[in-house]
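Trainee: Provided herewith is a single structure, encoded as structure tokens, for subsequent inquiry.
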Amino acid sequence: MTVKVDKATCTGCAACESACPVEAIKVTDKTEVNEDTCIDCGTCVDECPVQALSL
Ligand code: SF4
Ligand code: SF4
């Protein structure tokens, strides 16, 4: 299980990148979640202002 990114909804604001406690998210031209690093804590899902992330 890893966080899914709805790339059509994501605005690239990078709030998720700042919120992730293990730096598993990198936002460049699109949002990428490192599946090996992510601990499925759900913090980024709660922080995304446009609900582009889901577990
Ligand atoms: S679920 Fe937690 S660990 Fe995984 S990308 Fe989101 S904030 Fe980071
Ligand atoms: S917080 Fe949401 S909208 Fe902002 S970069 Fe992350 S996934 Fe995209």
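Trainee: Which value, in debye to the nearest 20, describes the size of the charge dipole of the chain about its Cα centre when Lys and Arg Cβ atoms bear +1, Asp and Glu Cβ atoms bear -1, and nothing else is charged?
Mentor: 180 debye
Trainee: Let me ask something additional. Rounded to the nearest whole Å², what accessible area per residue is found for the chain with the 1.4 Å probe?
Mentor: 64 Å²
Trainee: Please report, in whole Å³, the volume per residue of the convex hull around the C-alpha atoms of the chain.
Mentor: For the chain, the hull spanned by Cα atoms encloses 65 Å³ per residue.
The values are calculated or read from the model by the stated rules, or taken from the named source; none is laboratory data. This structure is a prediction, so every number in the text was calculated from the model and none was measured. Backbone-built Cβ (ideal geometry, glycine too); neighbour counts: all protein chains shown. Calculation scope for accessible area: heavy atoms of the full protein, side chains included, ligands and nucleic acids excluded. Shrake-Rupley method; radii C 1.70, N 1.55, O 1.52, S 1.80 Å.
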